[in-house]
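Please read the structure below before turning to the comments.
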Amino acid sequence: MDAMEGVPAYVMGRRTDILGCNRMARVLFGDITALPAEERNLARLLFLGDGFRDVYTDWELKACEVVSHLRLDAGCHPDDPLLSALVGELSVKNELFRSLWAAHHVKDKGHGTKRLHHPLVGELTLAYETLTLPDDPEQHLITFHAEPGSPSRESLQLLANWGTDVEYAA
C-alpha cells in the first residue's frame, strides 16, 4: 500500500476492522493507526467516533453501507462472538445503528463515488474501488482516486505533499 503514492488506501477485514492503511489514507481520514487496535474499526468509528462522522459528506449513506456490510459478515459468520459484541455495543450506544441493523439490509462492498470533507482542502469527490485479496477473501483493499484534472485531484495532490499526518478523525 505504501507504494501507492497519491492514492489513499486501506485494508479492511472482517467486522469492518481496519487492518492497515497507507500514508495518504492517514492524511485523508486521520491517523487510524494511532488508535488502539480494538478501536480501528470502521463501524465503531462511524457510529461512536467524535470526528470521523464529519469526513463523509453523505454520512448516513456511508452508515447504511457499513451496516449492510456487517449484516453480510453476520450471515457468513453467525457464531462470531467478536461480531456479536460489536453489534451489541453499537446497538446500545447508537440509535441510528440500531435502526439500520433492524432493517436487515445486506450488501457487499464494491465501487462507487464518495464525497468527503477534509479540514485542510475542503470537499473532495473520490471514486473508490474495493478489491478482494485472493489469498484471503475476508480482506479487502479499498482505494480512492480522483478524476484527472479535477479540483479533487488537485486537493489530493496537495495532501500528498503535506508533511505530516492529520489527526482529526479519531
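The values are calculated or read from the model by the stated rules, or taken from the named source; none is laboratory data. This is a predicted model, so every value here is computed, not measured. Here the Cβ positions follow ideal geometry from the backbone for every residue, glycine too, while neighbour counts run over all protein chains shown.
Quick notes
- From the list Leu70, Leu126, Leu141, Leu116, the lone residue that is under 18 Å from the mean Cα position of the chain (by Cα), assigned to a helix (DSSP H, G or I) and surrounded by 15 or more Cβ atoms within 10 Å (Cβ to Cβ) is Leu70.
- Restricted to the stretch 74-100, and to residues there that are assigned to a helix (DSSP H, G or I) and of a type in the set (D, E, K, R), the residue that is surrounded by the fewest Cβ atoms within 10 Å (Cβ to Cβ) is Glu95.
- Criterion (at pLDDT 95 or above and among the aromatic types (Phe, Trp, Tyr)) met by exactly one of Trp162, Trp101: Trp101
- Selection within the stretch 3-23 - farther than 23 Å from His77 by Cβ, in contact (Cβ under 8 Å) with a residue 40 or more places away in the chain and not in a helix (DSSP H, G or I): Met4, Glu5, Gly6, Val7, Pro8, Ala9
- Test: Thr33 is surrounded by fewer than 19 Cβ atoms within 10 Å (Cβ to Cβ) and either in contact with a Cys (Cβ under 6 Å, 6 or more places away or on another chain) or under 18 Å from Thr143 (Cβ atoms) (or both): yes
- The lone criterion from (1) among the small types (Gly, Ala, Ser); (2) more than 18 Å from Asp58 (Cα to Cα); (3) assigned to a helix (DSSP H, G or I) left unmet by Gly149 is number (3).
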